[in-house]
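Single-structure report; data block below.
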Amino acid sequence: MAELAFCIECKDTRPGEGVFVVGSAPEIGAWDPTKAIPCETTPEAFPKWSSKSVALQSSTGNIEFKVLIQGVKRTGAARWEGGPNRSIKAPKAKTVCSCLFGNPEVSCETLGSSGAAPGPSAPQKPQVPAKKKEEPEDTSAMPRLDTGMLFPLDEDGDSVGALQNASQANFFRRARSSANHSTDFLRMDRRSSRHLCFSSDGMVNQDMSRVPSLMMIDEKELEEDCKKHEEEVEKLEREQLNILQRRMPSGSLLEQMAEVIEEADKNSIVLMQGFNWESWRAGGGDWYSIVGRQMDRFKHLGITDIWLPPPSQSVAPQGYLPSQLFNLDGSKYGNQASLESLIKSLHENGIRAIADIVVNHRCGDKQDHEGRWNQFSTGITNRPSFAGVMDWGAWAITLGDKFSDGSGENAPGHFDGKFDAAPDIDHKNKKVQQSISVWLRWLQLQVGFDGWRFDFVKGYAAEFVGLYCEKSRPAWAVGELWGDMAYDDNGLCHNQDGHRQDLVNWINATKKKSTAFDFTTKGVLQEAVRNCQYWRLRDSNGKPPGLIGWLPKYAVTFIDNHDTGSTQRHWPFPDDKVMVGYAYILTHPGIPSIFWDHAMDWGEHVRNQIASLLQMRRETGVKVDSPVKILCADNDLYIAEIGEPACLRVALGPRDAGGADGSYWSNGPAGNCYKVWVHRTQPPKPKEAPPTPAPVVTPAPAAPAPVAKEGSKLEKEKPEANGKKKAKASLKFEAKSSPNVVEIDGEELSDETLKSMKKEDLEKLIGKLEPLLEAAKALQKAPKK
């Protein structure tokens, strides 16, 4: 009688899942997963799975079959391997079919009458090893964990057997995995996961000896080991998905990609644009290596995401006229190997890589018969499964475009912006959608990118950005929707609701799959600081006037980028007010973005100022959607408190903002035309009462100092008859018991703290103390009464 068995090699199972074979013959399920033939494995045999022999009663001709993965109890949805069905001739004797999961090739071996289908060996009870000649180490299986003691343990765990080398044993050594363990799924050896314990009378405590040794592991070291192992597993999973991505249904692929690329927490994102308009010239054509050498600076700043330039071969060296999208070796920023090395280094430092996605347009690399550049090549030859994925013709171009030959399907959308330098791509075309989705997933799984920055999104409908995000599952995404702001005869209008409404509409049209750069905030902010018109920073409803005032969770705030600043300077932020701009966006809600030039090229002083503001943002817990309470928005002064309850207070502008409540606020970062206060995590220390009361000289009562209302201009202090200013009423001075230590406004000052203070802070301190010193000198000279 003919019998059939299967031997499957499969590493794709998860804990609790098994491998099954189902096919056209009734004996192997008749394509019903609930009747599929189960396969078994053991820790020693994994990843090989074997089934029992099945007697074939009436099957003739060809038998087709496939391998699937599902719960060992046949629960949950089955995961089918991709590719065509395997086909074999119905055997006439005992036959074993061997194959690799996901690979359509199959080999069959006919066994003799006494042959048996290969299966997992039955587990044997541990035996005390006898001394024997050393043999070469078997590296095919995971090495045994050495606990310093070997003893047999029967299968039900009821007894502890004889001991070996008890006098030399290190009973409480920590069990840890070998550094050269196999990359297959790790399984803990039962005997090696125990430690031997003794009672006070010197006898073996069998109950304690059965306790898992995890209870004796150092928690900190265990956490570090687990984190390292998790990173290794994630890397292996990404590599495995990269191999299988063209063989798997996109739905199954996306489900597994979601487990590898986690969604970013918007509250913690700090984006840096990792290039400028001239970066392609630097580093001898290897900009990626220059970025890779800045890891210490990125960590000092607290950067979580780096936006990298367009990675593909391009007609323009900056990358914004792409042609062969899969050809990363043709980029002026460096080759594919250098890019992958950079992203690997970013990941090792906990930083995500954001790719600049330019798909509104694409340059053809060949001409049609009439000389139009409308023939496109994929640009990849080392992966046959991707061959021709992006080989497009004129059919991929929107109708009416000067590069079109009329073979396309759709005209541009009513609101689509025109890009004259290259053919506009028809994103309504299903083939275009599918090939762009494949390219994005390849950038994630092969190259290592985590998220997207979509270029020139006003050129095609927002729904396609949402579609591409659905088909690639990035950690997060942001779009560049740069529209015209509202102007009148007096310049920029105060009301920019129409401009930010366009941003809101675009975000909603992506189904909120993408955020957007807050061009409204940039336009209003740079106008306010340039012309000393800080009243612009409050809209008619008392909220911030940009996208952060309406939809802060989807607003990416920025000061400049490669278009608005750098050497292009299409719409630059005033250079002398850049730090005022950062003081605004780094204290307010939204996702902040830092420009490369400011943080990396403008010197250490500017970089340290940005780092101080970012550290303050992290420590105070400013969230992407923290509420903003605007207290003042005059020509020369803006004051706001952020958070509920307020965790941060910021003042912008040339006018003195006065002091803040010392019992609630403490001083934070400060600079030219900006000052920040942070909420105290602990109340100020109570002042110590002097041991013995000292006589106090009371001068003649003075008129109370003028008090300015919140939001109004502060009155200038009037000089006294001797030309000296009065001491500020808020100044509190107390001598401490330690030498050379005084307390001023609730803060202790000593020689050491004075040495560490900035020049501007020292000037402010001197300004506070001068009136008090002059008053003391006047009292000293006055005749005693």
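The values are calculated or read from the model by the stated rules, or taken from the named source; none is laboratory data. It should be emphasised that the depicted structure is a prediction, and the values quoted were computed from it without experimental measurement. Here Cβ is always computed from backbone atoms with ideal geometry, including for glycine, and neighbour counts include all displayed protein chains. Calculation scope for accessible area: heavy atoms of the full protein, side chains included, ligands and nucleic acids excluded. Shrake-Rupley method; radii C 1.70, N 1.55, O 1.52, S 1.80 Å.
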Per the filter on the stretch 318-331, residues at negative phi and either surrounded by fewer than 19 Cβ atoms within 10 Å (Cβ to Cβ) or part of a loop (DSSP other than H, G, I, E, B) (or both) are 318, 320, 321, 323, 324, 325, 326, 327, 328, 329, 330, 331
Meets criteria (crowded, with 17+ Cβ neighbours inside 10 Å, of a type in the set (Lys, Arg) and within 23 Å of residue 657 (Cα to Cα)) for residue 617: yes
Filter result (under 13 Å from residue 676 (Cα atoms) and either basic (Lys, Arg) or in contact with a Pro (Cβ under 6 Å, 6 or more places away or on another chain) (or both)) within the stretch 617-637: 617
Which of the numbered conditions does residue 504 fail, given that it passes all the others? Conditions: (1) open to solvent by less than 10 Å² (accessible area, probe 1.4 Å); (2) outside any strand (DSSP E or B); (3) among the β-branched types (Val, Ile, Thr). (1)
Output the number of residues of the stretch 507-535 satisfying the condition of being over 15 Å from residue 480 (Cα atoms) and either of a type in the set (A, V, I, L, M, F, W, C) or open to solvent by less than 10 Å² (accessible area, probe 1.4 Å) (or both). 8
Single residue of the stretch 32-90 satisfying the filter (among the charged types (D, E, K, R) and outside any strand (DSSP E or B)) that is surrounded by the fewest Cβ atoms within 10 Å (Cβ to Cβ): 73
When you scan the stretch 369-384, do you find a residue that is part of a helix (DSSP H, G or I) and of a type outside the set (A, V, I, L, M, F, W, C), even just one? yes
Of the residues in the stretch 608-636, those that are in contact (Cβ under 8 Å) with a residue 40 or more places away in the chain, farther than 21 Å from residue 518 by Cβ and more than 22 Å from the chain's Cα centre (by Cα) come to 609, 631, 632, 634, 635, 636
Within the stretch 537-547, track down each residue that is open to solvent by 10 Å² or more (accessible area, probe 1.4 Å) and either part of a helix (DSSP H, G or I) or hydroxyl-bearing (Ser, Thr, Tyr) (or both). 540
Among (1) modelled with pLDDT of 90 or more; (2) within 27 Å of residue 255 (Cα to Cα); (3) among the hydroxyl-bearing types (Ser, Thr, Tyr), there is one condition residue 75 misses while meeting the rest; what is its number? (1)
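Results for (1) small (Gly, Ala, Ser); (2) part of a strand (DSSP E or B); (3) open to solvent by less than 30 Å² (accessible area, probe 1.4 Å), shown as yes or no for each residue.
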site	(1), (2), (3)
262	no, no, no
311	no, no, yes
316	yes, no, yes
333	no, no, yes
337	yes, no, no
344	no, no, no
Here are 296, 305: which of them is of a type in the set (D, E, K, R) and surrounded by 22 or more Cβ atoms within 10 Å (Cβ to Cβ)? 305
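Being small (Gly, Ala, Ser), over 11 Å from residue 459 (Cα atoms) and open to solvent by 20 Å² or more (accessible area, probe 1.4 Å): is that true of residue 404 here?
It is false that residue 404 is small (Gly, Ala, Ser), over 11 Å from residue 459 (Cα atoms) and open to solvent by 20 Å² or more (accessible area, probe 1.4 Å).
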Of the criteria (1) in contact with a Cys (Cβ under 8 Å, 6 or more places away or on another chain); (2) closer than 26 Å to residue 483 by Cα, which one residue 587 fails: (1)
Among (1) closer than 23 Å to residue 439 by Cβ; (2) at pLDDT below 95; (3) out of contact with any Gly (no Cβ under 9 Å at 6 or more places or on another chain), where does residue 284 come up short? (1)
Is it the case that residue 563 is of a type in the set (Asp, Glu), more than 27 Å from the chain's Cα centre (by Cα) and surrounded by fewer than 21 Cβ atoms within 10 Å (Cβ to Cβ)? no
If I ask for residues that are in a helix (DSSP H, G or I) and touching a helix residue (DSSP H, G or I) at 6+ places or on another chain (Cβ under 8 Å), which ones from the stretch 240-253 would you list? 241, 242, 244, 250, 253
Determine whether the stretch 580-591 contains at least one residue that is closer than 16 Å to residue 560 by Cβ and open to solvent by 10 Å² or more (accessible area, probe 1.4 Å). no
Give the stretch 483-501 a look and list any residue that's out of contact with any His (no Cβ under 8 Å at 6 or more places or on another chain) and surrounded by 14 or more Cβ atoms within 10 Å (Cβ to Cβ), or say none. 492, 493, 494, 496, 497, 499, 500
